[in-house]
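Since every read-out is calculated from the coordinates, none of them should be taken as a lab result. Keep in mind that what you see is a predicted model, and the values were worked out from it rather than measured. Positions of Cβ are generated from backbone atoms using ideal geometry, with glycine treated the same way; all protein chains shown enter the neighbour counts.
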Amino acid sequence: VGKLVFIGFMGSGKTTAAAGAAAKLGGNRAADSDTLIESRLGRSIAEVFRQDGEAAFRTHEEALVLELLGAQDGPGVISLGGGAVGSAAVRRALADGSHRVVWMDVDSDTAWRRARGPTRPLARDRGSFEELHARREPLYVQLADVVVPASRSREIAPVLDALDELPRGGAKLLWAASASRDYPAYIGSGLLTGEPFWPETVPGRRFLVADARAARLYGELLEPVAGRVSIMPGEQSKTVAHAEIVWTELVRHGATRRDIVVALGGGVAGDLAGFCAATYQRGMRYVQVPTTLTAQVDSAYGGKTGVDLAEAKNYVGAFHQPSAVIADTATLASLPPEELAAGYAEVVKTALIAGGELWERVRAGAEPDDPEVITLCALTKLRVVEQDERDSGLRQVLNLGHTVGHAIETVTGYARYRHGEAVALGLLAALRLSGAGELRAEVRELLAARGLAVATDGLDTDAVIFATARDKKRVGEGPVPFVLLERPGAPRPGCTVKPGELRAAVRELAAR
Ligand SMILES: NC(=O)c1ccc[n+]([C@@H]2O[C@H](COP(=O)([O-])OP(=O)(O)OC[C@H]3O[C@@H](n4cnc5c(N)ncnc54)[C@H](O)[C@@H]3O)[C@@H](O)[C@H]2O)c1
């Protein structure tokens, strides 16, 4: 009998979320493995650790968890102690396809604040606590059907509705939390190209706004649609003039505020369609259906929508979160190799910001379209957006490499480089500015190995430097704030760089 199983680190709110889930499902109370062990042994966990040692505790824990998971009846909702997933037998049982696993995702600072103290034997020393947090994360990621931010432990009902929709067979659901709206992001191979999927939690008439190529390849899988607009592939379609075409087509098709725009394609279609949804009749819902690597790892999440001006990139737009994201990683199979490579630059950027497991996988040569890598990238972005939806500080870290990257795109008329190709160059500049020579060399190799240019001819370096001054992060007459990197996992927003250093970093890109 399938159970709903909550996993996660100490202080992640598993018990609270499990209680909420049990209340919603209306059955028995949730079972909590730690509480059950304490009552069976008649001692606190701290005492068991002290008297018998951790290994003995784990043996009890494993037996009890396997019993709970295998029980024909008994509680349908179970919350597991943070370390229970350390047992291979428990992991096998969780992954057997019958259960639904909910990972409550907590960052290590919050976990430490909540869990530290004498009652938890593994929360006494900060250093080993953080190490344990990092070590367990890959296990949680691997087992989770759905990832839920710890901040939503008291609001689990909508997550469970979205989870009900998740097809079985390996796709994952990330619960995207932000100040303005929460939404489900479904990521997995075959979500459209298999049995076409649409979340019933997003009802309404669908109006497809699509990149023409993506529409031809995948448009039918989103039927029924009440109207469709195709836009020419390419960054040059991300303009106010194209937005007007989309608005006009929406009117002609009779779209109303109750309807849904379905944005199908890469970042260009997503940014443009999202912007049109944000502004049409002052705002309608939209669903992102990303079909490029850039869009699946980055642009489909977080609600930044907009268009370019000839003078500067992404200069007009709106924050507008989607109502859902459906990312079928199998659609990447039709992507031309250069587009996959361009998206890889955003993968590397995200891995540098995240550090930890994601960076280790990327530097070890993970395939860019590996669904697990895509999921980890999306998770990294969503964690940042949850804390700073409107780009008032932390979110700027997502722009690592983008100040120079955007400048390169602008001065070359959005025609010479793909966005990701410009970001690859921008990343190298940012690493030079960070004084991270060795890391720059490593990243340069990673990018080059995927066919990205790591140096470029004929770039007007003065124009690029001039264009960085238009970066949107700049406030008033102040200096352009750069995102620099202390080490993978430790980005620093809001840094000032000296003009001479910027010049050297940009010139280095022009050197073969
Ligand atoms: N909103 C954000 O947070 C955010 C984040 C990162 C990037 N972006 C934006 O994203 C844009 C770049 O996105 P992109 O790299 O996806 O480019 P894109 O949207 O131009 O798509 C690239 C190409 O791939 C084709 N294509 C799309 N899906 C395909 C598929 N499955 N098979 C075959 N061909 C396919 C398209 O026709 C197009 O020619 C930039 O404008 C950038 O500013 C936005």
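Some observations on this one:
- From least to most packed, judged by other beta carbons within 10 angstrom and beginning with the fewest, Lys14, Lys313, Lys498, Lys24 follow the order Lys498, Lys24, Lys313, Lys14.
- Square roots of five times the Cα gyration tensor eigenvalues for region 11-153, Å: 22, 19, 15
- With N as its number of residues, region 373-496 has a Cα radius of gyration that, divided by 2.2 N^0.38 Å, comes to 1.05.
- The chain - mean residue ellipticity at 222 nm from DSSP helices (-39,500 (n - 2.57) per run, n ≥ 4, rounded to 500): -13500 deg cm²/dmol
- Annotation for Asp73 and Leu394: the two label points, set 7 Å from Cα along the Cα-Cβ direction, are 4.6 nm apart.
- Taking only the C-alpha atoms of region 144-250, Rg followed by Dmax gives 16.5, 44 Å.
- Cβ-derived FRET efficiency at R0 25 Å, Ser39 paired with Leu122, nearest 0.05: 0.75
- Residues of region 394-436 with amide N under 20 Å of the 7 Å Cα→Cβ point at Ser180: 394-399
- Potential extension, Ala95-Glu338 segment - 0.36 nm per residue separation minus Cα distance: 83.9 nm
- Taken along its three principal axes, the alpha carbon spread of the chain comes to 74, 54, 39 Å, from the longest extent down to the shortest.
- Annotation: region 236-297 has a Kirkwood hydrodynamic radius of 11.6 angstrom, from the mean reciprocal C-alpha pair distance.
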